[in-house]
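**Student:** First the structure, then my questions, so here it is.
The values are calculated or read from the model by the stated rules, or taken from the named source; none is laboratory data. Note that the structure is predicted; figures quoted are calculated from it, not measured. In this analysis, Cβ positions are derived from the backbone assuming ideal geometry, glycine residues included, and neighbour counts consider all displayed protein chains.
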Amino acid sequence: MKHQRPPTTRRLERALGDFVRTRMQGGFGELLMFFLKQGWAALFGVLFIIALIGTKLVWQDDWPLERYDGLFIFAVTTQIAMLYFKLETWDEARVILLFHLTGTAMELFKIRMGSWSYPEPGYFVLGGVPMFSGFMYASIGSYIARVIRIFQMRFAPYPPLWVTFLFGAAIYVNFFAHHYTVDIRLGLFAASLILFLRTRIWFNVAGTPRWMPMPVAAFLCAFVVWIAENVGTMTGTWIYAGQSDMQMVSFAKMGSWYLLLWVAFVTVTLVSRSALSRTAVNPVATPSPSAAEVLDKEDTKEGASHDENRISAHHGPR
């Protein structure tokens, strides 16, 4: 018996995908779908960038809350909405929170070292760091977790997990240690190629498997984050040391984000291990299912799960 349930966000995603596929076919349609999916995966970050620009344009000095506080409230509300509408799972939210906390810790340190500053006042500020800043790191983690799921990504051949965790830890420690000792970021750049140059990111856009070298994907993501960094500085939300008004962020920051993205990715693999394969894979092209097919499968699965839970509750634990 099929269990009826109200429309969900996932149903809407699939229906919108079907709408685009039926009207935009061929190579152009696939490319359009790729960018639409990327934008959807980066929803948290896109909304935050819009908030940076919007608050800069409309915020008034005589309002009861400072702009930074408005950004913090917006970020918290967005995070709650992401969970409520099941755009993120609770497991994903936990690892995103971990990256949120590690990012905030780095913010506190970097502010103290004078690497950058937040020039505006605010009530929700800790050690000179506005509390919305942690959500900027969380938006990166959210993107990685969601893009893996939305594109049905596989990473193969993927290095041993313990090696990747050590690599991520080395990157994170170097962000602090280079202020006191030798900066090893060039070695870390080289290590990223040694570890991941053979790793392909397999992804599905419209039923046809595509792949991209993992370091190339990391570089492209770093470039997008660098663009977002410029939005942050152009709106005066934060300022890098030695940066003048309307000056673009140094390209060197793109290298920093390239490395930090590896930290974010390694963190997300704590809940996305099923996407990792130690051996090379050769995905087979499969037709992209329609919304009706997917929903029928989901209804069947949820119905079976409901029956299993009812039986388990009746008999109790073994």
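**Student:** Does Asp61 qualify as being of a type in the set (Asp, Glu) and exposed (fewer than 14 other Cβ atoms within 10 Å of the Cβ)?
**Tutor:** For Asp61, the condition - of a type in the set (Asp, Glu) and exposed (fewer than 14 other Cβ atoms within 10 Å of the Cβ) - is met.
Residue-by-condition table, conditions (1) surrounded by fewer than 20 Cβ atoms within 10 Å (Cβ to Cβ); (2) on the phi > 0 side of the Ramachandran plot; (3) of a type outside the set (A, V, I, L, M):
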position: Gly103; (1), (2), (3): no, no, yes
position: Pro121; (1), (2), (3): yes, no, yes
position: Met136; (1), (2), (3): no, no, no
position: Leu166; (1), (2), (3): yes, no, no
position: Ile171; (1), (2), (3): no, no, no
position: Leu188; (1), (2), (3): yes, no, no
position: Phe196; (1), (2), (3): no, no, yes
position: Ile201; (1), (2), (3): no, no, no
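**Student:** Give Phe124, Phe109, Phe72, Phe44 a once-over and let me know the one that is under 18 Å from the mean Cα position of the chain (by Cα) and among the aromatic types (Phe, Trp, Tyr).
**Tutor:** Testing whether each residue is under 18 Å from the mean Cα position of the chain (by Cα) and among the aromatic types (Phe, Trp, Tyr) leaves just Phe44.
**Student:** Trp226 fails exactly one of the following numbered conditions: (1) within 21 Å of Ile148 (Cα to Cα); (2) under 18 Å from the mean Cα position of the chain (by Cα); (3) without any contact (Cβ under 8 Å) to a residue 40 or more places away in the chain. What is the number of that condition?
**Tutor:** If we test Trp226 against (1) within 21 Å of Ile148 (Cα to Cα); (2) under 18 Å from the mean Cα position of the chain (by Cα); (3) without any contact (Cβ under 8 Å) to a residue 40 or more places away in the chain, just (1) comes out false.
**Student:** Could you check how many residues of the range 63-87 are closer than 17 Å to Ala41 by Cα and assigned to a helix (DSSP H, G or I)?
**Tutor:** 8
**Student:** Let me ask something else. Can you give me the ranges of the helices (runs of 4 or more DSSP H) entirely in the range 108-214 with at least 1 residues that are out of contact with any Asp or Glu (no Cβ under 9 Å at 6 or more places or on another chain), among the small types (Gly, Ala, Ser) and closer than 21 Å to Leu98 by Cα?
**Tutor:** Values: elements: 133-150, 161-177, 185-196.
Fully inside the range 108-214 and qualifying: 133-150, 161-177.
**Student:** Another question about this same structure. Go through Thr267, Thr233 for me and flag whichever is free of Cβ contacts under 8 Å to residues at least 60 places away in the same chain and part of a helix (DSSP H, G or I).
**Tutor:** Thr233
**Student:** Can Ala156 be described as at pLDDT below 95, among the hydrophobic types (A, V, I, L, M, F, W, C) and buried (at least 18 other Cβ atoms within 10 Å of the Cβ)?
**Tutor:** no
**Student:** Quick check: anything in the range 237-253 part of a helix (DSSP H, G or I) and at pLDDT below 95? Please lay out each step first, then the result.
**Tutor:** At the first step, the residues of the range 237-253 found to be part of a helix (DSSP H, G or I) are 252-253.
Filter again for at pLDDT below 95, leaving 252-253.
Yes, the conditions are met somewhere in the range 237-253.
**Student:** Only one of (1) at pLDDT below 70; (2) within 24 Å of the chain's Cα centre (by Cα) is not met by Met33, so which one is it?
**Tutor:** Going through (1) at pLDDT below 70; (2) within 24 Å of the chain's Cα centre (by Cα) one by one, Met33 breaks only (1).
**Student:** Next question, about the same structure. List, please: which pairs have Cβ atoms under 6 Å, are six or more places apart or on different chains, and start with a residue in the range 72-95 that is under 11 Å from Phe135 (Cα atoms) and end with one that is of a type in the set (A, V, I, L, M, F, W, C) and modelled with pLDDT of 90 or more?
**Tutor:** Phe72/Phe124; Phe72/Met131; Phe72/Phe132; Phe74/Ala51; Ala75/Phe132; Ala75/Phe135; Thr78/Leu47
**Student:** While we're here: Would you please name the residue that is surrounded by the most Cβ atoms within 10 Å (Cβ to Cβ), looking only at residues in the range 203-239 that are among the hydroxyl-bearing types (Ser, Thr, Tyr) and under 30 Å from Trp116 (Cβ atoms)?
**Tutor:** Out of the qualifying residues, it is Thr237.
**Student:** Does Ala206 satisfy the condition of being aliphatic (A, V, I, L, M) and either under 26 Å from Trp238 (Cβ atoms) or without any contact (Cβ under 8 Å) to a residue 40 or more places away in the chain (or both)?
**Tutor:** No: the conditions fail for Ala206.
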